[in-house]
1. Please go through the stretch 1-48 and give me each residue that is within 21 Å of Ala73 (Cβ to Cβ) and of a type outside the set (Gly, Ala, Ser), ordered by number.
2. Could you list, in sequence order, the residues of the stretch 1-52 that are of a type in the set (Gly, Ala, Ser) and surrounded by fewer than 10 Cβ atoms within 10 Å (Cβ to Cβ)?
3. Farther than 22 Å from Glu6 by Cβ, at pLDDT 90 or above and among the small types (Gly, Ala, Ser) - does that describe any residue in the stretch 29-41?
4. Working only within the stretch 85-137, note down all residues that are of a type in the set (Asp, Glu) and either exposed (fewer than 12 other Cβ atoms within 10 Å of the Cβ) or more than 17 Å from the chain's Cα centre (by Cα) (or both).
5. Would you call His59 closer than 30 Å to Ser132 by Cα, modelled with pLDDT of 95 or more, surrounded by 11 or more Cβ atoms within 10 Å (Cβ to Cβ) and not acidic (Asp, Glu)?
6. Checking the conditions here, which among Ala73, Ala87, Ala27 is under 17 Å from Arg112 (Cα atoms) and not polar (S, T, N, Q)?
7. Quick one: how many residues across the stretch 33-71 are among the aliphatic types (A, V, I, L, M) and farther than 17 Å from Thr8 by Cβ?
Amino acid sequence: MLGYYEWTGEKGSKTPHWIHSDELLAAAGLTWTTEVTGERRRVFVVVTREARDASGEIHARMPAFLTRDLWDAWLDPQPLTVDGDNAASKQNRLQLRDELEASSSTIATTMRTHVVDRKVNNVRTVNPSDPSLIAAV
């Protein structure tokens, strides 16, 4: 992803901020399949963490970001597979967590933020490809 929006202020007069880096950002996520009212569905969440640097100026949390060297490890489902109390499985999960913390902290130092137009919140009239949506105002 190129960046993400966070909002500040009181309800009814919130200000949108574009938080971004010069590099492509890869947010860590988790996915699983669940059954909802008899139908199998794929569920996805973005892993978040305490905000740092520019993100911390705007909000208390931010996505956990992956440096390129962690992409393959994060996309491999094996380290997160729970094998009961298997010590090796636990160690893999702890190592991946620590790597994610370090990776996300590194990327946080590259993040910048600026205020953007409130039109980013109007999905009915905004073209999502419009570059003015991320332009500073």
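The values are calculated or read from the model by the stated rules, or taken from the named source; none is laboratory data. A quick note: this is a predicted structure, and the numbers were derived from the prediction, not measured. Cβ coordinates were reconstructed from backbone atoms using ideal geometry, including for glycine residues, and neighbour counts include every protein chain displayed.
1. Met1, Glu23, Leu24, Leu25, Leu30, Thr31, Trp32, Phe44, Val45, Val46, Val47, Thr48
2. Gly9, Gly12, Ser13, Gly38
3. Checked the stretch 29-41: at least one residue is farther than 22 Å from Glu6 by Cβ, at pLDDT 90 or above and among the small types (Gly, Ala, Ser).
4. Within the stretch 85-137, Asp85, Asp98, Asp117, Asp130 meet the criteria.
5. In short, no.
6. Answer to the selection: Ala27.
7. 8
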